[in-house]
Amino acid sequence: MFKVFIIEDELIIRRGLVYSVDWTSLDCIVIGEADNGYEALKKVSTFKPDIVLLDINMPIMDGIDFLAHTQKHKFKTIVISGHDEFEYAKQAIRYGISDYLLKPVDHEELEAAITKSKQELTKEMVYEATLQMDDSELMIFPKKYNQDLFITKLNNYLEMNYMSKI
């Protein structure tokens, strides 16, 4: 299951995200909440979420500052904002967010963004696993991943040795 952390200063919206989404069907679980970036910053290190739903405009520490302080953490961020301003989106994109949704949140868009984030996380986990495996380990890895892992290892080998004689 993927762990989701929600950072939203408006209680009604935060509760709506927690209770109106069928997290189980998305293979997710909400592990925590915060009403500002500063509070979230303290909790993220402890909870280690996979996906963060983040409001941009919050008191004490806004979403952009939160993103700036969490670059070392490996989670996907879906920004949920009431501001349709390009500058907010541009700043958020610089920090590698997965998606940018506008309030009021459409549940289908949110589910699509979560699915996209899960796929990105899965690809990253598989890629990191391939970098740590040798060829014999790849053979015993589950069959559905063998082809992707083999291609990833082959690409890595080619990138590192393309100048060498064959």
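Is it the case that Leu53 is more than 14 Å from the chain's Cα centre (by Cα) and either among the hydrophobic types (A, V, I, L, M, F, W, C) or within 16 Å of Ile97 (Cα to Cα) (or both)?
no
Output yes when any residue across segment 72-90 is open to solvent by less than 70 Å² (accessible area, probe 1.4 Å), at pLDDT 90 or above, in a loop (DSSP other than H, G, I, E, B) and out of contact with any helix residue (DSSP H, G or I) (no Cβ under 8 Å at 6 or more places or on another chain), and no when none is.
no
Go through the residues of segment 99-108 one by one and say whether even a single one is open to solvent by 60 Å² or more (accessible area, probe 1.4 Å) and among the aromatic types (Phe, Trp, Tyr).
As a first pass, look at segment 99-108 and keep what is open to solvent by 60 Å² or more (accessible area, probe 1.4 Å): 102, 104, 106-108.
Now restrict to residues that are among the aromatic types (Phe, Trp, Tyr): none.
Scanning segment 99-108 turns up no residue that is open to solvent by 60 Å² or more (accessible area, probe 1.4 Å) and among the aromatic types (Phe, Trp, Tyr).
When you scan segment 96-119, do you find a residue that is modelled with pLDDT of 75 or more, under 15 Å from the mean Cα position of the chain (by Cα), over 24 Å from Gly16 (Cα atoms) and among the charged types (D, E, K, R), even just one? Before the answer, list the steps.
Quick first cut of segment 96-119, residues modelled with pLDDT of 75 or more only: 96-119.
Add one more test, that the residue is under 15 Å from the mean Cα position of the chain (by Cα), and what stays is 96-101, 110-119.
With over 24 Å from Gly16 (Cα atoms) added as a condition, the list becomes 96, 119.
Adding the requirement that they be among the charged types (D, E, K, R) leaves none.
Taking every residue of segment 96-119 in turn, none turns out to be modelled with pLDDT of 75 or more, under 15 Å from the mean Cα position of the chain (by Cα), over 24 Å from Gly16 (Cα atoms) and among the charged types (D, E, K, R).
Of the residues in segment 45-61, how many are under 16 Å from Leu11 (Cα atoms) and open to solvent by 20 Å² or more (accessible area, probe 1.4 Å)? Give the steps one after another, and end with the answer.
Pass one, segment 45-61, residues under 16 Å from Leu11 (Cα atoms): 53-60.
Okay, now just the ones that are also open to solvent by 20 Å² or more (accessible area, probe 1.4 Å), so 57, 59-60.
Final tally of qualifying residues: 3.
The values are calculated or read from the model by the stated rules, or taken from the named source; none is laboratory data. Bear in mind the structure is a predicted one, so any value in this text is a computation, not a measurement. Using ideal geometry, Cβ is built from the backbone for each residue, glycine included, and neighbour counts are taken over all protein chains shown. Only protein heavy atoms, including side chains, enter the accessible area calculation; ligands, DNA and RNA are left aside. Shrake-Rupley method; radii C 1.70, N 1.55, O 1.52, S 1.80 Å.
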